[in-house]
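Since the structure comes first, as structure tokens, the remarks are kept for the end.
The values are calculated or read from the model by the stated rules, or taken from the named source; none is laboratory data. Not measured: the values here are computed from a predicted model. All Cβ positions, glycine included, derive from the backbone under ideal geometry; neighbour counts span all protein chains shown.
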Amino acid sequence: MHLRGSLLLLTASLLWGTTFVAQILGMEGLGPYTYAAARFALGTLFMWALWYAYRGKRMTQKRAGTFRSGFRAGIPVGLAMFVGVTLQQVALLYTTAGKTAFITTLYIVLVPLAAVLLGQRVRAAQWGGAVLAFTGVYFLSAHGETELNTGDILVFISSFFWMAQILLIDRYASTVDVIELCLMQMLVCTFGNTMLAAAYEPFAWSAVAGAAFPILYGGILSCGVAYTCQILGQAYVEPTQASILLSLEAVFAAVSGWIVLGETMSGIQLFGCALLLGGALIAQMRGTGKQQEFD
């Protein structure tokens, strides 16, 4: 089960990393809030279709008395994700993408710290993997960038909300309906970004149509599939290990940027990739994962 969870989380990080390219292409003609609202709305439709397709299984569980709705649990998870996404978007007005990626991944270290405060045991291999992975993200994303500005502070604050999102999913993923949990998460983010887009950005259907492919990729794969994989994966994997596996998003983002956008990768960035991958592997050593299974 631990292997299944790790593969699901790796799938999520792969899809999120490659979505970085879609975001760049999608926001060539759209504001960040409009693009986010569009892709989360599409993610909501995808999750609603999945929710409808599994209605028979839910009815069977309800008759057996084993069903627990995920809608209520999805509200705090969605709020944590929405605030994290919004702070990142505003921060990019003041700071670089590399520093944003690096500071955001503070959750690699914050998650095990919070886990200890919540009474969970974090193994030495997990601590070592977290530190190694965090160092790898530094060399990959922000090597040589040391000056702090307003954007960096906003990203730092956002990392606490990503930590909260990971820990909240760890709490609920194995106890409630994961489709409903993810659907509510999408609804919260759609509503929040729609309100921000209406308040701060102009809207034109032609611009949305021009960004159709990036919106489809970001909505179906990044929002619908990837967040579902995260929730399913965290039912099997401890939060510290999950945070490190999810941070591999930075590696996939760098590689997809190199392949699709022609961005170059320096030797120090490749070294950062190696450290991050090494940290992920170390964190899996002697890991037993969780024992919960899905029906």
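Odds and ends about this structure:
- Counting the residues of segment 281-295 that are surrounded by 15 or more Cβ atoms within 10 Å (Cβ to Cβ) and modelled with pLDDT of 70 or more gives 1.
- Condition check for residue 275: over 21 Å from residue 166 (Cα atoms), under 21 Å from the mean Cα position of the chain (by Cα), in a helix (DSSP H, G or I) and at pLDDT 75 or above: yes
- Check on residue 268, modelled with pLDDT of 75 or more, within 23 Å of residue 136 (Cβ to Cβ) and β-branched (Val, Ile, Thr): yes
- Residue 12 vs. criteria among the aliphatic types (A, V, I, L, M) and either under 19 Å from residue 257 (Cα atoms) or over 15 Å from the mean Cα position of the chain (by Cα) (or both): yes
- Flag if residue 138 is part of a helix (DSSP H, G or I), among the hydroxyl-bearing types (Ser, Thr, Tyr) and either modelled with pLDDT of 85 or more or more than 21 Å from residue 88 (Cα to Cα) (or both): no
- Residue 59 being free of Cβ contacts under 8 Å to residues at least 40 places away in the same chain and either in a helix (DSSP H, G or I) or within 17 Å of the chain's Cα centre (by Cα) (or both): yes
- Among all residues of segment 203-214, there is at least one that is among the β-branched types (Val, Ile, Thr), surrounded by fewer than 22 Cβ atoms within 10 Å (Cβ to Cβ) and over 22 Å from residue 10 (Cα atoms).
- Condition met for residue 164 (under 15 Å from residue 78 (Cα atoms), modelled with pLDDT of 80 or more, out of contact with any strand residue (DSSP E or B) (no Cβ under 8 Å at 6 or more places or on another chain) and among the small types (Gly, Ala, Ser)): yes
- Taken over segment 158-181, the residue count meeting the criterion of being in a helix (DSSP H, G or I), over 15 Å from the mean Cα position of the chain (by Cα) and surrounded by fewer than 21 Cβ atoms within 10 Å (Cβ to Cβ) is 1.
- The set of residues in segment 23-63 that are modelled with pLDDT under 90 and among the β-branched types (Val, Ile, Thr) contains only 24.
- Checking residue 66 against (1) assigned to a helix (DSSP H, G or I); (2) modelled with pLDDT of 80 or more; (3) of a type in the set (Ser, Thr, Tyr), the condition it does not meet: (1)
- Summed over segment 174-210, residues that are touching a residue at least 40 places away in the same chain (Cβ under 8 Å) and among the hydrophobic types (A, V, I, L, M, F, W, C) total 16.
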